[in-house]
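The values are calculated or read from the model by the stated rules, or taken from the named source; none is laboratory data. Every value quoted in this text rests on a predicted model; they were computed, and no experiment measured them. Heads up, the Cβs are rebuilt from the backbone with ideal geometry, glycines too, and the neighbour counts pull from every protein chain shown. Side chains are part of the model used for accessible areas, which takes the heavy atoms of the whole protein and leaves out ligands, DNA and RNA. Shrake-Rupley method; radii C 1.70, N 1.55, O 1.52, S 1.80 Å.
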2 protein chains.
Amino acid sequence: MKKVTFALVLFFITLSHAFAESGYRLWMRYDPISDEGLRKQYQSSLRGIHIDTVSATLKAASEELAMGLSGLLDKAVVPAGTANFEAGSLIAGTPASSVIIKDLGLGARLTAVGDEGYLITSLVHQGKPITVIAANTDIGVLYGSFHLLRLVQTHKPLVKLSITEKPLLKHRVLNHWDNLDRTVERGYAGFSLWNWHLLPGYVQQRYIDYARANASVGINGTVLTNVNANSLILTEEYLPKVAAIADALRPYGIRVYLTARFSSPIEIGKLKTADPLDESVKKWWKDKADEIYRYIPDFGGFLVKANSEGQPGPQNYGRSHADGANLLADALAPHNGIVMWRAFVYSHEQPEDRFKQAYNEFKPLDGQFRKNVLVQVKNGPIDFQPREPFSPLFGAMPKTPLMMEFQITQEYLGQATHLVYQAPLYKEVLDADTYTKGKGSTVAKVIDGSLDKHTISGIAGVANIGDDLNWTGHLFGQSNWYAFGRLAWNHQLAAEDIANEWTGMTFSNVTEFQASLREMMMKSRENLVNYMTPLGLHHIMGWDHHYGPGPWIKDKPRADWTSVYYHQADEKAIGFDRSASGSNALSQYSPQVAKFYGSLKTCPPEYLLWFHRLPWTHKMKTGQTLWDELCRRYQMGAESMDPMIKGWDALSSYVDKERHKQVSMLLRIQKDEAWWWHDACLAYFQSRSGLPFPAGVTPPKESLQFYETKNFHFVPGI
Amino acid sequence: MKKVTFALVLFFITLSHAFAESGYRLWMRYDPISDEGLRKQYQSSLRGIHIDTVSATLKAASEELAMGLSGLLDKAVVPAGTANFEAGSLIAGTPASSVIIKDLGLGARLTAVGDEGYLITSLVHQGKPITVIAANTDIGVLYGSFHLLRLVQTHKPLVKLSITEKPLLKHRVLNHWDNLDRTVERGYAGFSLWNWHLLPGYVQQRYIDYARANASVGINGTVLTNVNANSLILTEEYLPKVAAIADALRPYGIRVYLTARFSSPIEIGKLKTADPLDESVKKWWKDKADEIYRYIPDFGGFLVKANSEGQPGPQNYGRSHADGANLLADALAPHNGIVMWRAFVYSHEQPEDRFKQAYNEFKPLDGQFRKNVLVQVKNGPIDFQPREPFSPLFGAMPKTPLMMEFQITQEYLGQATHLVYQAPLYKEVLDADTYTKGKGSTVAKVIDGSLDKHTISGIAGVANIGDDLNWTGHLFGQSNWYAFGRLAWNHQLAAEDIANEWTGMTFSNVTEFQASLREMMMKSRENLVNYMTPLGLHHIMGWDHHYGPGPWIKDKPRADWTSVYYHQADEKAIGFDRSASGSNALSQYSPQVAKFYGSLKTCPPEYLLWFHRLPWTHKMKTGQTLWDELCRRYQMGAESMDPMIKGWDALSSYVDKERHKQVSMLLRIQKDEAWWWHDACLAYFQSRSGLPFPAGVTPPKESLQFYETKNFHFVPGI
């Protein structure tokens, strides 16, 4: 193909995208590789696609490879069966789907990759050099196909391939906090993808594209409904609709889960009680499970929020969380379904430090849960703050598989408008050492089951996906969906490497571009911590909608829904004493961790006010007072936005106009909001400390009262 | 360019659209013309684009022509200034923007097209054959550019062009019933386009694509907010956001309007009254208007729903609608703004036939409105039913410019799922003869001002646009947006011709395809009337959400919110007697119309039960009884779906897979719902008439009780 023609093709693709560069394609962009040399290399190593499409999943793999490689390699690739392979062929399949794959004798290597893993390997068969994607299962082949496409999208060499992959976690699940009226709790990307009214008859292509995106990173489950649940989803009005979504996602290896409202037996079953030990209740859930499985034979199971923030639960009947979880687990067990029971609970009555409550409630239940129950624990003890220490439950319940719950949607991380790459946050938690079985007992090893030899394991991410054209509202929200999926598959990946993959697939593989963007992404979360909650401050955001700063929030129905409860700032000191002299939450950690955070000598400044209440004049390791350092961190955070904007603007030649402009506009909003946080928090904390701002710190633009009385209508996500 | 290369380009465009054939591009599709001969003809008649982009609007025209022609003609076209024109050039501009255009001496022809019209003409200048788009204003040039693109998109010849266009109506406006929380009243295409929370900082490309689509059909105004209004939109929290939208739409000639809640002076102005004759109220609105115009110098004005369905209004203070409208008109007049005051009112107290109330209330006010007030009248006397006689207000207020209000969103026409091409409905109303100034006094002539010599005129369409990927939920909803715009520009166009344009631009110009689709579209509304409300039945839909049939609805807060009020079916008879023996609503029409509808000899069966209460055994012109014909019409309506489905399925080779599937799935839902209407209405009316179904009529599948107790949750649009 002549160069001029190729340029023309590119030109038309650009043109035809004049309307379409919204970001809808996510990281699954298959535009021709512009480096002609590289493209020709790929063309010669991938001369044809050979796959026997004997199942819907293999058909999906075939279609994806055809679409992807035809686009990337700039030549029409029509897939054929594996029998017709030749030198340079790409062959994909399982020993069951393809005689050729069977004949390759991949035995032991294949056995090692298990149910979901795959091999990608270069070899010579019948004298012909070929590339092989092999797996024990069809879904493994699909995962391998996406991996191969990623190699091409990120311009990796395809010679002498010997890739062995299998996921480290079994259940890799998105949690949609989507309501049946299509509002999304803590959703900042428009409204729910699930158009319940038009289901089951109308199955949008978008559901399939959603499945493709998830499969491309190995996500294998999705909870369709909000943890603040509505029983209606379990009725015969809605189950056929759920089944239609399940049918659409199934070829991509994604199981559907629902949230189960604990009081459903009363609300839709017309029983008088939902007591988990009541026989009629047990029967009701058993019948309900049987009914669901008639609609959805591979239904995943239930996610439950019980006795938390007003949701009903077993404690309404004097029963434990284990009683509640086991009730549902027994109903699901005959169908191989699981229960994901959330540990995010805190009592309405107890004045105990909220930090401690989940541990207090759940640790005693260790060993009492059925085998098909996972207890789902938020990464930190409070609630998805910009930075939290890991939850003390990790490592504390060795007899129970604990599932990680990360929040991908940015409830506390700038919501719709802040560019925050969250892989560093996820990694910080996963790599944290619980010391519960000695050094190296990382949170990752707790949740992947390796520390305590569990056979089931899982991770959940609260989705940031809505019906916005680009799925996630903020284009960089896509990177968090992507990173969550990649880490769910392999928590050992580095955040930087995931950033490289994502930027390469989403924008460009030019080294300078990627280096610059990677740096921006890697810094972004720390910037946000600085302008929102430096030095271990937490939970000081706006009331209810959680939009913007609100360190002044007080006098609410519960003390632990206020900000003053968490920062405890007065004229003398600031911070929450969780050492032995305070709530002693530290005692919930293993002694090594408790000592590390508990000592002012070792406690990192990032966690300081999580655990210590200190005078404003406390001398920090930098030699500054706590007050001065707090002010300077706010300043540093707010000032980080100018270089970020400048950095992004400088990259405009690597990014199409529409997507560049999207991010550019949002960065400017983020800058305004970063300064808003800076101004409001400094004004407030100065009203406590009474101290002057140190040199180099910009005083707030407006009075404290101005920030306190700022009012917003119709903030999304509630 | 070689044929093989072209095929390749097409291939890649198809590929790159694997993700993008959602329908997002609407009718503005600029993919290469596949007929090579035709493409070459166009290439030689349009060798280059020459336009002096001295304004944002001319820049928009230039960009649209470049994008459109480069795509359609399959060659890169880079626009240049008009000075550089050559043989075969396309020259666009105004006498002010271009010396060349000025030199063409188009004087009288240009004068004739007014402020918004344009010429497209083939001529020879300085010895060179050229094509010219000329207008007096920049927006005329943009409209002409879209016209030229349409000619190419629909494969029309470009030789010896001599096109003169100008709009017949001045204000061509969409009404968005969009709430500030992004829900859309009677919206079935997702949620509101307007992301208020992210405005003014985040201006989506979608706003600009929305503007392009509107400009392409000549729509020149948009009311952003619901007629059931929220005063907040008029505060300084929201006005900068409105201004940002106005800035985005301005280059495309689209003015922004807002709905004004009549009680705003109290709610946001802290006054004690909203009495239109109160001086403080007058001052408040004047100041408010001044403030709005500081944000938006070309703000269009207000749309008001007052004293209707619970909205506050002047009658709360014993004042008339004219007093209310004039209050706002006086505030807007210094800025050339207008008031669109809705006549959709019916009293909470009066037991009078709802049909008559708008007329009774408004006719006496004729002559009392300020010059910048238009009274906006729904097409029929009740509420956007599948078929209504024209509102008797048309022609009855000669001293007042009346604005037409059509409903594009399908509140009563199948909502999200029914394929109904509405141009025949619009035309039926526009072409209806009011006889108020003798034969030929059509509704169209009333609203375009020609009958009564008004200088302002207008038409409004309640938008069917939401944030769905394809804008309108149902792909064929796009045809109604398109048709509304085209008829707003020129109400003399034929519905068939508009269908041809739309199908050609949206899908394919192949004659057989267009003929088949046109026939399907042209029949679609009559099919719906048959399976929903044949023979002049009206207002018998489900309660509140208006989804599905509900002829049994009774005992509601108001009689005229029930179905039994409208159909009056009992064991003997059915229909609403609006002749002299009944409510005498017919007396509101001119004598000729009253006589026509009033006589059983002349009243068309389509309007029969609108005006007459008749025994079930009444002999119809067909020789059948009324009961039998009613049943048979329901049958005919329901049975119309199979051929429609078959017809669409047969067209699959002309439509890309994704869009074909969208429609295919919806047609199957429509079929189910058509039979649901058939079954429920026949079961209900049989329970009244006690008569057997005639031969050939399928009995209802379920009992009447089954249909009456059907319950739905979270139906969209309320």
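Data overview
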| item | result |
| --- | --- |
| All positions within region A:508-549 that are in a loop (DSSP other than H, G, I, E, B) and over 16 Å from A:Ile574 (Cβ atoms) | A:Ser508, A:Asn509, A:Val510, A:Gly542, A:Trp543, A:Asp544, A:His545, A:His546, A:Tyr547, A:Gly548 |
| Close pairs (8 angstrom Cβ cut-off, 6 or more residues apart or separate chains): free of Cβ contacts under 8 Å to residues at least 60 places away in the same chain and charged (D, E, K, R) in region A:671-700, open to solvent by 50 Å² or more (accessible area, probe 1.4 Å) and not in a loop (DSSP other than H, G, I, E, B) anywhere | A:Lys671/A:Asp642 |
| Criterion: more than 14 Å from B:His176 (Cα to Cα) and in contact with a Ser or Thr (Cβ under 6 Å, 6 or more places away or on another chain) - qualifying residue of B:Leu234, B:Leu199 | B:Leu234 |
| Where a residue in region A:51-72 is more than 28 Å from A:His155 (Cβ to Cβ) and its partner, wherever it lies, is acidic (Asp, Glu), with Cβ under 6 Å and at least six apart | A:Ser55/A:Asp138 |
| Of all residues in region A:490-507 being part of a helix (DSSP H, G or I) and either in contact with a Gly (Cβ under 7 Å, 6 or more places away or on another chain) or free of Cβ contacts under 8 Å to residues at least 60 places away in the same chain (or both), the one that is farthest from A:Lys619 (Cα to Cα) | A:Thr503 |
| Of all residues making up region A:101-156, the number that are touching a residue at least 60 places away in the same chain (Cβ under 8 Å), open to solvent by 20 Å² or more (accessible area, probe 1.4 Å), part of a loop (DSSP other than H, G, I, E, B) and farther than 18 Å from A:Leu169 by Cβ | 1 |
| Residue identified as at negative phi and buried (at least 20 other Cβ atoms within 10 Å of the Cβ) among B:Arg342, B:Arg370 | B:Arg342 |
| Condition met for A:His474 (within 17 Å of the chain's Cα centre (by Cα), closer than 26 Å to A:Thr222 by Cβ and surrounded by fewer than 24 Cβ atoms within 10 Å (Cβ to Cβ)) | no |
| Any chance A:Ala274 is of a type in the set (Gly, Ala, Ser), surrounded by 18 or more Cβ atoms within 10 Å (Cβ to Cβ), part of a loop (DSSP other than H, G, I, E, B) and touching a Pro at 6+ places or on another chain (Cβ under 6 Å) | yes |
| In region B:595-619, the residues that are open to solvent by less than 20 Å² (accessible area, probe 1.4 Å) and either over 34 Å from the mean Cα position of the chain (by Cα) or among the aliphatic types (A, V, I, L, M) (or both) | B:Leu608, B:Leu609, B:Leu614, B:Trp616 |
| Residue list for region B:463-477, filter: more than 14 Å from every other protein chain (Cβ to nearest Cβ) and either of a type in the set (Gly, Ala, Ser) or farther than 13 Å from B:Ser192 by Cα (or both) | B:Ala463 |
| Helices (runs of 4 or more DSSP H) wholly inside region B:553-666 that include at least 1 residues being more than 20 Å from B:Asp679 (Cβ to Cβ) and of a type in the set (Asp, Glu) | B:641-649 |
| Qualifying residue in region B:176-192 (condition: within 13 Å of chain A (Cβ to nearest Cβ), part of a helix (DSSP H, G or I) and open to solvent by less than 10 Å² (accessible area, probe 1.4 Å)) | no |
| Qualifying residues in region A:650-666 (those that are within 14 Å of chain B (Cβ to nearest Cβ) and without any contact (Cβ under 8 Å) to a residue 40 or more places away in the chain) - the one nearest to B:Asn195 (Cα to Cα) | A:Met665 |
| Candidate set from region A:388-399 (those that are buried (at least 23 other Cβ atoms within 10 Å of the Cβ) and out of contact with any Lys or Arg (no Cβ under 9 Å at 6 or more places or on another chain)); member that is nearest to A:Arg668 (Cα to Cα) | A:Pro389 |
| Flag for A:Lys554 being over 30 Å from the mean Cα position of the chain (by Cα), among the basic types (Lys, Arg), under 23 Å from A:Val443 (Cα atoms) and open to solvent by 10 Å² or more (accessible area, probe 1.4 Å) | no |
| Qualifying positions in region A:193-237 - small (Gly, Ala, Ser), within 12 Å of another protein chain (Cβ to nearest Cβ) and open to solvent by less than 10 Å² (accessible area, probe 1.4 Å) | A:Ala213, A:Ser231 |
| Hits in region A:568-620 (condition: among the β-branched types (Val, Ile, Thr) and within 15 Å of A:Leu535 (Cα to Cα)) | A:Ile574, A:Thr602, A:Thr617 |
| Candidate set from region A:494-535 (those that are of a type in the set (Val, Ile, Thr) and over 24 Å from A:Ile33 (Cα atoms)); member that is surrounded by the most Cβ atoms within 10 Å (Cβ to Cβ) | A:Thr533 |
| Meets criteria (among the basic types (Lys, Arg), buried (at least 19 other Cβ atoms within 10 Å of the Cβ) and over 23 Å from A:Gly461 (Cβ atoms)) for A:Lys241 | yes |
| Total residues in region A:620-639, condition surrounded by fewer than 22 Cβ atoms within 10 Å (Cβ to Cβ) and among the small types (Gly, Ala, Ser) | 1 |
| Positions within region B:70-80 being in contact with a strand residue (DSSP E or B) (Cβ under 9 Å, 6 or more places away or on another chain) and open to solvent by 20 Å² or more (accessible area, probe 1.4 Å), in sequence order | B:Val78, B:Pro79, B:Ala80 |
| Pick from region B:439-462, criterion among the small types (Gly, Ala, Ser) and in a strand (DSSP E or B), ranking: surrounded by the most Cβ atoms within 10 Å (Cβ to Cβ) | B:Ala460 |
| Single match in A:Ala463, A:Ala483 (criterion: touching a His at 6+ places or on another chain (Cβ under 7 Å) and hydrophobic (A, V, I, L, M, F, W, C)) | A:Ala463 |
| Condition broken by A:His713, with the remaining ones in (1) surrounded by 19 or more Cβ atoms within 10 Å (Cβ to Cβ); (2) within 14 Å of chain B (Cβ to nearest Cβ) satisfied | (1) |
| Candidates A:Ser34, A:Ser44, A:Ser22, filtered to the one that is open to solvent by 30 Å² or more (accessible area, probe 1.4 Å) and farther than 15 Å from A:Thr131 by Cα | A:Ser34 |
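Condition check ((1) within 13 Å of chain B (Cβ to nearest Cβ); (2) open to solvent by 10 Å² or more (accessible area, probe 1.4 Å); (3) part of a helix (DSSP H, G or I); (4) over 24 Å from A:Phe712 (Cβ atoms)) across all residues:
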| residue | (1), (2), (3), (4) |
| --- | --- |
| A:Arg668 | yes, yes, yes, no |
| A:Leu682 | no, no, yes, no |
| A:Phe685 | no, no, yes, no |
| A:Pro694 | no, yes, no, yes |
